[in-house]
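What follows draws every value from the coordinates through simple rules; no lab data is involved. Computed from a predicted model, the values in this text were never measured in an experiment. Note that each Cβ is placed from the backbone with ideal geometry, even for glycine, and that neighbours are counted across all protein chains shown.
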Amino acid sequence: MPDLSRYKGIVFDMDGTLIDSMGSHGTAWQQTCKHYGYPYDGAYIHNLGGVPTREIVKLLNEKYGLDHDLDEVTEAKRQAFLDLDENPTVIEETFNVMQRYQGILKMGVGTGSERGNAIRMLTETGLLDRVETVVTATDVTYGKPHGETFLTVAKNLGLKPEECVVFEDTEIGRQAAQNAGMDCIMVVYGKIVLPMERREKIGD
């Protein structure tokens with residue numbers, strides 16, 4: 001488990017970082033792409049994890065030369081995800097970090113999901129009561145990789161960006177943390193990966 005004693009706050013991404021839901025999102029995207037005639041590229045979609053759905057639709061339109069209505073496709077993807085009716089589960093390693101620093105560090109969630117979906121998933125997994133603030137795509141003007149999501153979490157926690165550390169599972173999320181001026185710890189397939197220099201320091 002990483003030593004976070006130098007920080008005052010933790011900012012968690014949600015999908016793929018706190019909650020094991022990326023597979024379900026992938027399935028929903030696959031169904032949506034098939035319906036609207038987008039070639040489905042699972043790796044491309046996964047790498048956009050954290051980007052608001054509407055922005056992903058815009059990118060898909062540009063990538064494949066289509067002009068589908070952004071709001072219509074966004075709603076279709078949201079409904080496809082809800083129709084899967086899968087019970088979300090927490091990711092153990094990041095949940096252990098949350099438990100370890102509960103009451104010691106301030107905690108918030110910064111996600112590219114829409115607010116209704118985020119609150120539902122955090123409630124169903126029992127995580128909502130463990131964080132002080134939740135910032136979603138609904139709450140910001142600029143989604144990831146812009147730093148606004150994480151900066152808003154820090155502001156809501158009453159902290160400076162440099163006092164926070166972000167847990168993220170995608171490159172887009174890592175860029176958002178960097179753009180917010182925050183350190184970032186990656187979660188890869190449910191496992192926390194410490195930066196090389198930090199691993200060496202801990203090993204000394």
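Going by a ≥ b ≥ c, the root eigenvalues of the Cα gyration tensor, does the stretch 22-84 fall in the rounded group (a/c under 1.5), the prolate group (a/b larger than b/c) or the oblate group?
On the way: a/c = 1.45, a/b = 1.20, b/c = 1.20.
Judged from the Cα gyration tensor, the stretch 22-84 comes out rounded (a/c under 1.5).
Rounded to the nearest 20 debye, what is the charge dipole size of the stretch 22-84 about its Cα centre when +1 sits on each Lys and Arg Cβ and -1 on each Asp and Glu Cβ? Mind dumping the intermediate values first?
Working: 6 positive and 9 negative charges, 40 e Å.
Value, rounded to 20: 200 debye.
Let me spell out the model: positive unit charges on the Cβ of Lys and Arg, negative unit charges on the Cβ of Asp and Glu, origin at the Cα centre of the chain. What dipole size does that give, in debye rounded to 20?
About 480 debye.
Each label point is 7 Å from the Cα along the Cα-to-Cβ direction; what then is the distance between the points at D71 and L84, in nm?
It works out to 2.6 nm between the two label points.
Would you kindly derive the ³J(HN,Hα) couplings of the stretch 60-73 from the backbone phi angles with the Karplus curve 6.51 cos²θ - 1.76 cosθ + 1.60 (θ = phi - 60°), listing them in order in whole Hz, with x for Gly and Pro?
5, 4, 5, 5, 10, x, 10, 9, 5, 4, 4, 5, 5, 5
For the stretch 99-204, take N as its residue count and report Rg(C-alpha) divided by 2.2 N^0.38 Å.
Working: Rg = 13.9 Å, N = 106, 2.2 N^0.38 = 12.9 Å.
So the stretch 99-204 has a normalised radius of gyration of 1.08.
Near the amide H of V166, under 5 Å away, which other amide H atoms are found, from residues 5 or more places off or on another chain, if H is placed in the peptide plane?
The list, which skips near neighbours in sequence, is V11, D183, C184, I185.
How high is the relative contact order of the stretch 22-84, in percent, counting Cα pairs under 8 Å that sit 6 or more residues apart? Present the calculation step by step, with values, prior to reporting the outcome.
Values: 47 pairs, mean separation 28.7, N = 63.
That works out to 46 percent.
Suppose every Lys and Arg Cβ carries +1 and every Asp and Glu Cβ carries -1, with no other charges. What dipole size does the stretch 84-204 come out with about its Cα centre, to the nearest 20 debye?
Working: 13 positive and 19 negative charges, 53 e Å.
It works out to roughly 260 debye.
If amide H atoms are built 1.01 Å from N in the plane of the peptide, which residues on other chains or at least 5 residues away come under 5 Å of the amide H of S21?
G16
What per residue convex hull volume, in Å³, do the alpha-carbon atoms of the stretch 63-114 yield? Mind dumping the intermediate values first?
On the way: hull volume 7.4 nm³, N = 52.
Each residue corresponds to 143 Å³ of Cα convex hull volume.
Applying 1/(1 + (r/R0)^6) with R0 = 30 Å to the Cβ-Cβ distance of T141 and R120, what FRET efficiency is obtained, to the nearest 0.05? Walk me through the intermediate numbers first.
Values: r = 23 Å, r/R0 = 0.78.
Computed FRET efficiency for T141 and R120 comes out at 0.80.
Taking the structure as given and computing mean projected area of the Cα convex hull in nm², which label from (1) 22.9; (2) 10.9; (3) 11.6 fits?
Of the listed options (1) 22.9; (2) 10.9; (3) 11.6, (2) comes from this structure.
Which one of I91, T141, F12 is farthest out on the positive end of the charge dipole of the chain, using unit charges on Cβ (Lys, Arg +1; Asp, Glu -1) and the Cα centre as origin?
Farthest along the dipole direction, towards plus: F12.
Tell me, what is the percent relative contact order of the chain, built from C-alpha pairs under 8 Å that lie six or more residues apart? List each step's numbers first, then the result.
Values: 338 pairs, mean separation 58.3, N = 204.
Here the relative contact order equals 29 percent.
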